[in-house]
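Structure, as structure tokens:
The values are calculated or read from the model by the stated rules, or taken from the named source; none is laboratory data. Treat the numbers as computed from the prediction; the structure is a model and nothing was measured. FYI the Cβ positions are ideal-geometry reconstructions off the backbone, even for glycines, and counts take in every protein chain you see. Keep in mind that these areas ignore ligands, DNA and RNA; they rest on the heavy atoms of the full protein, side chains included. Shrake-Rupley method; radii C 1.70, N 1.55, O 1.52, S 1.80 Å.
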Amino acid sequence: QKEVEQNSGPLSVPEGAIASLNCTYSDRGSQSFFWYRQYSGKSPELIMSIYSNGDKEDGRFTAQLNKASQYVSLLIRDSQPSDSATYLCAVRSGAGSYQLTFGKGTKLSVIP
Amino acid sequence: DAGVIQSPRHEVTEMGQEVTLRCKPISGHNSLFWYRQTMMRGLELLIYFNNNVPIDDSGMPEDRFSAKMPNASFSTLKIQPSEPRDSAVYFCASTGTGSSYEQYFGPGTRLTVT
């Protein structure tokens, strides 16, 4: 059973602070890792993808991957109230599979 | 470019009725996924198609659920007969060829079975 675990939160951070969201996965053979943002009543929106160990930065977002520890994280710098949403971690397992396994998400609240 | 299109956006039906949800993937994408999202279970994969062929339907809850993809630009998810426990948001997502495997979601169909 492939599992993706996230702290459900809510995670509350003040505006302007760094929000740190974490995710662990069980399948050591996992190849691709994604972060989705989902506003209440809306569909998941892809914000970051990462495929190799290390950091990947895109604007205020940084994804970090450590395959040895089976751990992926998302940092949001200069958090804004508009970042308040649920963040879903998704993991793609072995070669040739298109299937993603999603965590249940962490709810982030950015306090003005 | 248009994203993934789903219809209807909202569906309210009575228990026992047939429900059909529709999805048009992003043009050029060759893989299509149907998900169901509830508060209790999160986002669950029901079935996915690659080049219009069902690859994995192990997530389909029971025989009341069926899905088809008659061509590259259209898919349906049918529930017959519907039950109150089927109430959820159903999402369709698609992904293209290449190595990114990034999935893009449609707006979803909120299904309520009374």
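Tell me the strands (runs of 3 or more DSSP E) entirely within region B:39-106 that contain at least 3 residues that are in contact with a Cys (Cβ under 6 Å, 6 or more places away or on another chain) and under 23 Å from residue B:15 (Cα atoms).
Numbers: elements: B:42-50, B:53-56, B:65-71, B:74-79, B:88-95.
In region B:39-106, no matching strands (runs of 3 or more DSSP E) lie anywhere.
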Next item on the list: Look at region B:1-19 and say how many of its residues are at pLDDT 95 or above, open to solvent by 30 Å² or more (accessible area, probe 1.4 Å) and not small (Gly, Ala, Ser).
Entry: 10
Next item on the list: Would you please name the residue that is farthest from residue A:78 (Cα to Cα), looking only at residues in region A:103-112 that are within 12 Å of chain B (Cβ to nearest Cβ) and buried (at least 21 other Cβ atoms within 10 Å of the Cβ)?
Entry: A:103
Note to self: I want to confirm something. Restricting to region B:22-35 and keeping residues that are open to solvent by less than 30 Å² (accessible area, probe 1.4 Å) and not aromatic (Phe, Trp, Tyr), which single residue is farthest from the chain's Cα centre (by Cα)?
What the structure shows: B:30
Checklist line | Members of region B:2-53 found to be at positive phi and more than 9 Å from chain A (Cβ to nearest Cβ), listed by number | finding: B:16, B:28, B:51, B:52
Note to self: So, residue A:45, is that one surrounded by 12 or more Cβ atoms within 10 Å (Cβ to Cβ), out of contact with any His (no Cβ under 8 Å at 6 or more places or on another chain) and within 11 Å of another protein chain (Cβ to nearest Cβ) or not?
What the structure shows: yes
Note to self: On the basis of being within 11 Å of the chain's Cα centre (by Cα) and more than 9 Å from chain A (Cβ to nearest Cβ), does residue B:64 make the cut?
What the structure shows: no
Check: For residue A:70, which of the numbered conditions (1) modelled with pLDDT of 95 or more; (2) surrounded by 18 or more Cβ atoms within 10 Å (Cβ to Cβ) fails to hold?
Finding: (2)
